[in-house]
1. Is there a residue being aliphatic (A, V, I, L, M), exposed (fewer than 15 other Cβ atoms within 10 Å of the Cβ), modelled with pLDDT of 95 or more and farther than 22 Å from His121 by Cβ anywhere in region 187-205?
2. Could you check region 94-106 and list, in sequence order, the residues that are part of a strand (DSSP E or B) and of a type in the set (A, V, I, L, M, F, W, C)?
3. Please go through region 43-67 and give me each residue that is touching a residue at least 24 places away in the same chain (Cβ under 8 Å) and among the β-branched types (Val, Ile, Thr), ordered by number.
4. Show the residue pairs meeting these rules: Cβ distance below 7 Å; 6+ apart or different chains; first residue within region 97-112 and on the phi > 0 side of the Ramachandran plot; second residue part of a strand (DSSP E or B) and surrounded by fewer than 20 Cβ atoms within 10 Å (Cβ to Cβ).
5. Being exposed (fewer than 14 other Cβ atoms within 10 Å of the Cβ) and closer than 27 Å to Leu152 by Cα: is that true of Arg60 here?
6. If you take the residues of region 178-216 that are touching a residue at least 60 places away in the same chain (Cβ under 8 Å) and of a type in the set (S, T, N, Q), which of them is nearest to Ala161 (Cα to Cα)?
7. Helices (runs of 4 or more DSSP H) wholly in region 107-205 with at least 1 residues that are farther than 28 Å from Lys77 by Cα and not basic (Lys, Arg) - which ones?
8. Restrict the check to region 56-78 and report whether at least one residue is within 25 Å of Gln230 (Cβ to Cβ), part of a helix (DSSP H, G or I) and either of a type outside the set (A, V, I, L, M) or within 18 Å of the chain's Cα centre (by Cα) (or both).
Amino acid sequence: MRQPNGALRDMVCRGLMLALDRAGHIQLPAISRRPPNPFVARARPAPVTIDETPIGCSLRELDEVSLREVRRTDEEKFCCGLIETYHYLRYTQPVGEHLKYLAYGQNRPIACFTWSSAPRHLGPRDRFIGWSLAMQRQNLRLLAYNSRFLILPWVKVPHLASHLLGRVARTLSSDWERKYNHPIYFVETFVDPERNRGTCYRAANWVELGMTTGRGKDAPTWEQNRSKKQVLGLPLVRDFRERLTQ
C-alpha cells in the first residue's frame, strides 16, 4: 500500500494488523520491545526572539508581501517557533499531510500558517459537500484544514489577514500537489466564537457551515466536553462537489 506521493503506508498497515489481531482474525507475535515513540516525545519548538517594532500602515504601504511555503526547509523551525511563542494555542504538530507558510513584509516576518489533513468526521462540512461515507473515505485527502493562522501581534495592517488568506487559497492546491502528488479542492477551519468572529475568513469569502458538537473525535460519551466551534469552509474549485463525490 502506498500514499499518492509514493511513500509506503507504514502506519496504516500496522494499524490494520493490530485491528485484525484484536478481532481474532490473525495472531501477531508477542511484543519483544517497545521503542520510544518520537511523535509522543516530540520536543516543543524553541521560542524565538525577533524584532517587535510595531508595523502600522496600509496594505499598499507594506509594499510587496511575499508568501513562502516552508515545509522541509530551513525556515520551518522558525515558523513553528513563531506559533509556539505568539499564538494563544501555541504550536501543535499538524496531522498527516501538511504544509506551512511564512509571510514577509518590509523584509520582516508578519504572519504564518499551518495546514493539515482534514478531520475525518465533521457533520456541517459533510452535509455541505453532500458526500456518502464511502466517498468521504475515498476523497478526504482532497481537503485541507487550516490549523493555525497567526498575524504577529505588533503587525497592525488593515485587511492583511484576508489578503493572505486569499493568497494562500490560490497557491495551496498546487503546493500540495508538488509535495503529495494530489490537489486540494476544499479547505476548512474552526473559529471559537468566544474569542473572535472569524471576520478575516468571511472577508476572504469563506462561508459558515455550522457548529461542531463540542465533542472530540475520541470522546467516550455523547456529552459535550469542550467549547463548540464555528466551522468555516472555502471551495477552491467551482465543481468541488462533483470532484469530491465521484
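1. Within region 187-205, the first condition is being aliphatic (A, V, I, L, M), and the residues that meet it are 187, 191, 203-204.
Of the ones still in play, those that are also exposed (fewer than 15 other Cβ atoms within 10 Å of the Cβ) are 203.
Okay, now just the ones that are also modelled with pLDDT of 95 or more, so 203.
Then keep just the ones that are farther than 22 Å from His121 by Cβ; that gives 203.
Yes: region 187-205 contains one or more residues that are aliphatic (A, V, I, L, M), exposed (fewer than 15 other Cβ atoms within 10 Å of the Cβ), modelled with pLDDT of 95 or more and farther than 22 Å from His121 by Cβ.
2. Pass one, region 94-106, residues part of a strand (DSSP E or B): 98-105.
If the condition is that a residue be part of a strand (DSSP E or B) and of a type in the set (A, V, I, L, M, F, W, C), then Leu99, Leu102, Ala103 are the ones that fit.
3. Val48, Ile50, Thr53, Ile55, Val65
4. The qualifying pairs are Gln106/Ile55.
5. Details: exposed (fewer than 14 other Cβ atoms within 10 Å of the Cβ): yes; closer than 27 Å to Leu152 by Cα: yes.
The answer is yes for Arg60.
6. Thr212
7. Details: elements: 123-129, 133-139, 160-180, 199-203.
The helices (runs of 4 or more DSSP H) meeting that bar are 123-129, 133-139, 199-203.
8. First, the residues of region 56-78 that are within 25 Å of Gln230 (Cβ to Cβ): none.
The answer is no, given that none of the residues of region 56-78 is within 25 Å of Gln230 (Cβ to Cβ), part of a helix (DSSP H, G or I) and either of a type outside the set (A, V, I, L, M) or within 18 Å of the chain's Cα centre (by Cα) (or both).
The values are calculated or read from the model by the stated rules, or taken from the named source; none is laboratory data. Everything quoted here is computed from the prediction, not taken from an experiment. Neighbour counts are summed over all protein chains in view; Cβ atoms, including those assigned to glycine, are modelled from backbone coordinates with ideal geometry.
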